[in-house]
Amino acid sequence: MNNLQTFAAPIGRILISLMFVTSGFNKIVGYSGTQVYMEAMGVPGALLPLAIAVEILGGLAVILGWKTRIAAFLLAGFCLLSALLFHANFGDQMQMIMFMKNLAIAGGFLMIVAFGSGAYALDNRSNERV
């Protein structure tokens with residue numbers, strides 16, 4: 001593995017996941033506002049703790065490279081579901097951009113599912129400590 005590949009994987013994991021970790025914490029800080037927004041879009045506000053957990057825990061798992069393929073798969077699904085629930089108003093150009101952004105991020109996560117965590121990941125720890 002050359003230097004570019006070695007460092008691209010962990011940097012890529014951080015860049016694609018950092019927005020989910022920060023978004024999850026922002027949902028905690030603005031809990032009631034987020035809950036009202038979800039309900040206005042027809043999504044039960046009771047699902048907010050689940051959304052926060054997926055964003056923070058899934059994002060951290062991908063950043064650390066722990067159970068990376070599973071976490072990336074869940075976050076890809078989260079992106080697709082969010083796109084359909086919150087950004088499917090194609091008459092609004094900004095919502096169309098947000099929809100496409102979610103699709104692109106889901107695609108990035110599916111690449112992680114396909115190719116794994118790469119270098120500097122907890123998934124790479126050896127089981128030779130027996």
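The values are calculated or read from the model by the stated rules, or taken from the named source; none is laboratory data. None of the values given here were measured: they were computed from a predicted structure. With ideal geometry, Cβ positions are generated from the backbone for all residues, glycine too; neighbour counts draw on all protein chains shown. For the accessible areas, the whole protein counts, side chains as well, though only heavy atoms, and no ligand, DNA or RNA atoms are used. Shrake-Rupley method; radii C 1.70, N 1.55, O 1.52, S 1.80 Å.
Using helices alone, I'd like the mean residue ellipticity at 222 nm for the chain: each DSSP H run of four-plus residues gives -39500 (n - 2.57), total over residue count, nearest 500. Write out the running numbers ahead of the final one.
Values: 5 runs with 96 residues, N = 130.
Rounded to the nearest 500, the figure is -25500 deg cm²/dmol.
Give me the net charge for the shell around LEU64: Cβ to Cβ below 10 angstrom, other residues only, Lys and Arg +1, Asp and Glu -1.
Working: positive: ARG13, LYS67; negative: ASP123.
Summing Lys and Arg as +1 and Asp and Glu as -1 gives +1.
Over all directions, how big on average is the projection of the convex hull of the alpha-carbon atoms in the chain, in square nanometres? Show your work: numbers first, answer last.
Values: hull surface 38.2 nm².
Projected over every direction and averaged, the Cα hull of the chain covers 9.6 nm².
At LEU18 and PHE115, where each label point lies 7 Å from the Cα along Cα→Cβ, what is the point-to-point distance in nanometres?
Distance between the two pseudo-spin positions: 2.0 nm.
How big is the convex hull of the Cα atoms of the range 73-120, per residue, in Å³?
Details: hull volume 3.0 nm³, N = 48.
Cα-based convex hull of the range 73-120, divided per residue, equals 63 Å³.
What angle, in degrees between 0 and 90 and rounded to the nearest 10, separates the Cα long axis of helix 3-29 from the longest principal axis of the Cα atoms of the chain?
The answer is roughly 30 degrees.
To test your reading of the geometry: what angle, between 0 and 90 degrees and rounded to tens, separates the Cα axis of helix 48-64 from the longest principal axis of the chain?
That helix lies at roughly 20 degrees to the long axis.
Probe radius 1.4 Å, ligands and nucleic acids ignored: give me the carbon and sulfur share of the accessible area of the chain as a rounded percent. Write out the running numbers ahead of the final one.
Working: 5730 of 8050 Å².
For the chain, the apolar C and S fraction of the accessible surface comes to 71 percent.
So with the 1.4 Å probe, I'd like the accessible area per residue for the range 8-68, rounded to whole Å². Display every interim value, and only then the final one.
Details: 3240 Å² over 61 residues.
In whole numbers, the range 8-68 has 53 Å² accessible per residue.
Taking the Cβ of ILE112 as the centre, find all other residues whose Cβ is under 15 Å away and add up their charges (Lys, Arg: +1; Asp, Glu: -1). Mind showing how you got there, number by number?
Values: positive: ARG13, LYS67, ARG69; negative: ASP123.
Once all neighbours under 15 Å are counted, the net charge is +2.
What accessible area per residue, rounded to a whole number of Å², is obtained for the range 69-130 using a probe radius of 1.4 Å?
Values: 4090 Å² over 62 residues.
With all protein chains present, the range 69-130 gives 66 Å² per residue.
Note down the magnitude of the dipole of the chain about its Cα centre, charges +1 on Lys and Arg C-beta and -1 on Asp and Glu C-beta and zero elsewhere, to the nearest 20 debye. Don't skip to the answer; put the middle values down first.
Working: 7 positive and 5 negative charges, 63 e Å.
It works out to roughly 300 debye.
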